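The values are calculated or read from the model by the stated rules, or taken from the named source; none is laboratory data. Keep in mind it's a predicted model, so treat the numbers as computed, not measured. Don't worry about glycine lacking a Cβ; one is built from the backbone with ideal geometry, like all the others, and counts go over all protein chains shown.
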Amino acid sequence: MLWRLKQIEMYIIFTDLDGTLLDFDTYSFEKAREVLTYIRKKNIPLVAVTSKTAAEVQQIIKDMDICHPFVVENGGGILFPETYHGEFPRTKMAGGYFIVPFTQPEVSPLEVLDAISSKIGIQLQGFSRLTVDEVVSYTRLSIEQAQKAQQRYFSEPFILPPLKSDFQKIIRLSQSLNYKIVEGGRFAHLIPKDSGKGNAVKYLISFYQKLFSGVPLKSIGLGDSPNDFDFLSITDISILIRNQGQIPKFAGKKCIKSQKLGVEGWAEEVRKIIFP
């Protein structure tokens, strides 16, 4: 439960999961445990902003002992715990969470992916049509986690074609069908044009400004891949996490770049900002 403090400034943390707060290979957050404990102690809202599904994130944040809203499927929707304070639509509910969708397109992402495949003459392999064993092979998730990853409502990840020229065609065709493409760490993601991590984070920043009226807020954003640029361009402090030795090139605002990899980098950079 949230409670108000009289303070000079309050932090809100928006974070990607895979390769950022979760290890790219093992999906562990163990190396961030001390920082997560401090965040809970200080009642700092920690909001996951991810391409993962609601079913996946619910288990992850339960394991982390986090009880704040989270953004799923690259900004397709936000889920609020049913007991959460503040003003947000309390209409559609599932599994103890109120769902705030950002878009409800007439044509599903999978149908759009099929239409694009037909026009470019290449059968794009959508995530929803992979077998569970194939998902496990691509992602190294457990079978249970892979099943949760396929419970998608707002987006459709797909395997990138080998030629860049084909990918450019896919981008153009998606735009003509009121969709857009974002690149993640393992897959490209087909999402409705009105969704996106940035739109979801804008909504949540406004939500927290109202919830903590009169308290100056400072937003922190952390991510490791191009599909995070959408919200890293918005947060007050934006941090690119080095993953597998790489930092993605971001042509937008100036970002902090972690020296350590993955979860260790996440923990170090957050510690620098919020620890006394």
*Please specify each residue of the stretch 29-46 satisfying the condition of being in contact with a strand residue (DSSP E or B) (Cβ under 7 Å, 6 or more places away or on another chain) and surrounded by fewer than 22 Cβ atoms within 10 Å (Cβ to Cβ).*
Phe29, Ile39, Ile44
*When the stretch 244-276 is examined, which residues are found to be of a type in the set (Asp, Glu) and touching a residue at least 40 places away in the same chain (Cβ under 8 Å)?*
Glu264, Glu269
*Elements of type strands (runs of 3 or more DSSP E) in the stretch 28-103, at least 3 residues being touching a residue at least 24 places away in the same chain (Cβ under 8 Å)*: 46-49, 77-81, 97-101
*Return the total of residues in the stretch 168-197 being among the aromatic types (Phe, Trp, Tyr) and at pLDDT below 90.*
1
*Complete set of residues in the stretch 215-255 that are aliphatic (A, V, I, L, M) and closer than 16 Å to Ile205 by Cα*: Val215, Leu217, Ile220, Leu222, Leu232, Ile234, Ile237
*asked:* Looking for something modelled with pLDDT of 95 or more, among the polar types (S, T, N, Q) and touching a strand residue (DSSP E or B) at 6+ places or on another chain (Cβ under 7 Å) - is there at least one such residue anywhere in the stretch 66-86?
replied: no
*asked:* Among the residues in the stretch 241-254, are any buried (at least 21 other Cβ atoms within 10 Å of the Cβ), touching an Asp or Glu at 6+ places or on another chain (Cβ under 7 Å) and of a type in the set (A, V, I, L, M)?
replied: yes
*Residues of the stretch 186-217 satisfying the condition of being in contact (Cβ under 8 Å) with a residue 60 or more places away in the chain, farther than 30 Å from Leu113 by Cβ and assigned to a helix (DSSP H, G or I)*: Ile205, Phe207, Tyr208, Lys210, Leu211
*Residue check for Val49: modelled with pLDDT of 95 or more, closer than 20 Å to Asn74 by Cβ and crowded, with 19+ Cβ neighbours inside 10 Å*: yes
*From the list Lys164, Lys218, Lys180, which one is basic (Lys, Arg) and more than 27 Å from Ser137 (Cα to Cα)?*
Lys218
*In the stretch 219-237, which residue that is in contact (Cβ under 8 Å) with a residue 40 or more places away in the chain and assigned to a strand (DSSP E or B) is nearest to Thr50 (Cα to Cα)?*
Gly223
*Which of the following residues is assigned by TED's automatic domain parsing to the domain that holds Leu36, surrounded by fewer than 22 Cβ atoms within 10 Å (Cβ to Cβ), over 16 Å from the mean Cα position of the chain (by Cα) and under 21 Å from Leu36 (Cα atoms): Lys257, Lys210?*
Lys257
*Restricting the stretch 89-121 to residues that are β-branched (Val, Ile, Thr) and over 30 Å from Arg172 (Cα atoms), the residue that is surrounded by the fewest Cβ atoms within 10 Å (Cβ to Cβ)*: Thr91
*Could you grab me the full set of residues in the stretch 238-276 that are assigned to a strand (DSSP E or B) and under 12 Å from Ser225 (Cβ atoms)?*
Leu240, Ile241, Arg242, Asn243, Gln246
*asked:* Looking only at the stretch 122-152, how many residues end up being assigned to a loop (DSSP other than H, G, I, E, B), of a type outside the set (A, V, I, L, M) and crowded, with 16+ Cβ neighbours inside 10 Å?
replied: 3
*In the stretch 32-88, which residues are of a type in the set (Lys, Arg) and within 13 Å of the chain's Cα centre (by Cα)?*
Lys52
